[in-house]
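What follows draws every value from the coordinates through simple rules; no lab data is involved. Not measured: the values here are computed from a predicted model. Here the Cβ positions follow ideal geometry from the backbone for every residue, glycine too, while neighbour counts run over all protein chains shown.
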Amino acid sequence: MRDAVRVLWVSDSPLTGSGFARVTREITTRLAKMPGLQIACVGWNHDGWPYERARFPLIVFPSRDCSDTTSFERAFRDFKPQVVITLGEIWMVDWLQRHPLRPQFKWIGYFPVDGRPFYPPWEPLLKDVDELVTMSEFGRQVFQSGLPSRKIHMIYHGVDTETFHPLADRDRLKSHERFRGKFVVGCVARNQPRKNIPALVKAVAQLCGKINNLHLYLHMNPCDVGYDIVTLLHRYRLEGRADVSGPEFNMHQPLEDEQLNRLYNIFDVMALPSVAEGFGLPILESFAAGVPVVATDYSACSELVRGRGELVRILTTVCAGTNLIEHAVLDVADLAARIEKLYHNPKLANQYAQEGLEFARELTWDGLMPKWLALIATTAGVDVRR
């Protein structure tokens, strides 16, 4: 009987609350149950404190952050992986290409691509990766344009439809005086510049002059790495018309999934005005909760939302960051119009909710596992699917 293939996943710790952490948690806990595999994780931002092995049935090696090569070396020495899977931006793992341990493992790189065009300095690193995987067709096309001879895989993120689902008691959930009788526009995102929260605040402020029962709920840390949310809401005179989560909810102390699902179920619309998205997990989670989505017509958002939600027109794109990626400039007036359209047309909102729910049910984490098993089998040269 052959030994199990040892796979080391490197990304945000599954014990934290980031998007990368959720993807890491959902995929690795499922792979850990496969008899042909042994799974461990180098968890960025994990300090080594004990965790529930019943919930996370794998070793999570502590790591300070994505640049902590010493932690990777320690994990590699202890676990001796044949395959390393990285989930993160290219800049987060560029050191791995040059690392002395690189010849000793096969590398699967799972990369978000949130804008175009292809940045030529990426080419040496991406050519060194044994198997390239993107999380959107948009990302696959960007990579393919710069690496026309490479095979590039695409595996979407998924959603747990037992955790995120429509609740029958939505009216009771909205009985709080802040939400009673209100049309709630929600946004679940990290408070960072790329999420473009001021555009949503401005759009809602414009609508408040026409819609008396509009209410905005921002589920994010109000004082993270993006915007001063409290001052922003005050600037647009949204006191009493908007709420933001407290600073106690952050990457290291997120809402429990059951609470997050209840929050989605309070929303009448979920709006994501990002200038760029590698995927956009809240879109899929909203769909699973039966909530219609309004999102920017750019990057991965377009393929997720088109035909099952409202896409906001972009006016142009601007060059952003050292990798010269183009990010979207969103039409705030059109964002407001898309929200208003769903407010006045509940039949269309219900149609989008149903279509989004059906799409989410096609993208469960369990349903995506065969793709990951096939990819690991190809990379390791061992059939781990039996």
Subject >> Per-selection metrics, the chain (Cα): Rg and Dmax in Å >> reply: 21.2, 70
Original post:
Which residue fluctuates the most in the chain, going by a Gaussian network model with Cα springs under 10 Å, if the choices are Thr317, Thr86, Thr296?
Top reply: Thr317
Original post:
What residues have an amide H closer than 5 Å to that of Gly186, excluding those fewer than 5 places away on the same chain, when H is modeled at 1.01 Å from N in the peptide plane?
Top reply: Tyr217, Asp268, Val269, Met270, Ala271
Original post:
Relative to the first principal axis of the alpha-carbon coordinates of the chain, what is the inclination of helix 197-208, with its axis defined by its Cα atoms, in degrees from 0 to 90 and to the nearest 10?
Top reply: 20 degrees
Original post:
Roughly what % of DSSP beta bridges within the chain run antiparallel, to the nearest 5?
Top reply: 15 percent
Subject >> Euclidean distance of C-alpha centroids, segment 31-46 and segment 280-298, integer Å >> reply: 28 Å
Original post:
So which GluC sites (Glu not before Pro) in segment 23-123 end up in coil per DSSP with only 11 or fewer other C-beta atoms within 10 Å?
Top reply: Glu52
Subject >> the chain: relative contact order in percent, alpha carbon pairs under 8 Å with at least 6 residues between >> reply: 16 percent
Original post:
Fully extended, how many nm does the chain gain between Leu324 and Arg53 (0.36 nm per residue separation, minus their Cα-Cα distance)?
Top reply: 93.4 nm
Original post:
Order of Trp44, Trp91 from fewest to most other C-beta atoms within 10 Å?
Top reply: Trp91, Trp44
**OP:** Diagonalise the Cα gyration tensor of segment 170-362 and give the resulting equivalent ellipsoid semi-axes, square root of 5 times each eigenvalue, largest first, whole Å.
**Re:** 22, 20, 18
**OP:** Set Lys and Arg Cβ to +1 and Asp and Glu Cβ to -1, take the dipole of segment 32-81 about its Cα centre, and tell me which of Trp49, Phe61, Ala32 lies farthest positive.
**Re:** Ala32
**OP:** Working from Cα positions, state the angle (0 to 90°, nearest 10) between the long axis of helix 137-146 and the longest principal axis of the chain.
**Re:** 50 degrees
Subject >> Calculated [θ] (222 nm, deg cm²/dmol) that DSSP helices of n ≥ 4 give over the chain, each run adding -39,500 (n - 2.57) >> reply: -11000 deg cm²/dmol
**OP:** Calculate, in nm to one decimal, what Gln351 and Arg235 gain on full extension: separation in residues at 0.36 nm each, minus their alpha carbon distance.
**Re:** 38.3 nm
Original post:
Going out from 0 in 5 Å bins, what whole percent of all Cα-Cα distances in segment 55-207 drops into each bin?
Top reply: 1, 7, 12, 14, 13, 14, 12, 9, 7, 6, 4, 1, 0
**OP:** Report, in degrees rounded to the nearest 10, the 0 to 90 angle that the Cα long axis of helix 365-380 makes with the longest principal axis of the chain.
**Re:** 30 degrees
**OP:** Could you sort out which of Lys174/Lys202; Lys80/Lys106; Lys182/Lys347; Lys80/Lys371; Lys202/Lys341; Lys151/Lys371 sit more than 21 Å apart by Cα distance in this structure?
**Re:** Lys174/Lys202; Lys80/Lys371
Original post:
In segment 90-168, which GluC sites (Glu not before Pro) fall in coil by DSSP and have 13 or fewer other Cβ atoms within 10 Å?
Top reply: Glu162
Subject >> Sequence of Glu177, Glu326 once ranked by neighbouring C-beta atoms within 10 Å, starting from the fewest >> reply: Glu177, Glu326
Original post:
Could you put His234, His153, His327 in order, starting from the residue whose Cβ has the fewest other Cβ atoms within 10 Å?
Top reply: His234, His153, His327
**OP:** Would you work out the charge dipole size for the chain about its Cα centre, treating the Cβ of every Lys and Arg as +1 and the Cβ of every Asp and Glu as -1, and quote it to the nearest 20 debye?
**Re:** 300 debye
**OP:** Assign unit charges at the C-beta atoms only (+1 for Lys and Arg, -1 for Asp and Glu), then state the dipole size of segment 170-362 relative to its Cα centre in Debye, rounded to the nearest 20.
**Re:** 640 debye
Subject >> Sequence-separation-based contact order of segment 170-362, relative, with Cα cut under 8 Å and 6+ spacing, percent >> reply: 21 percent
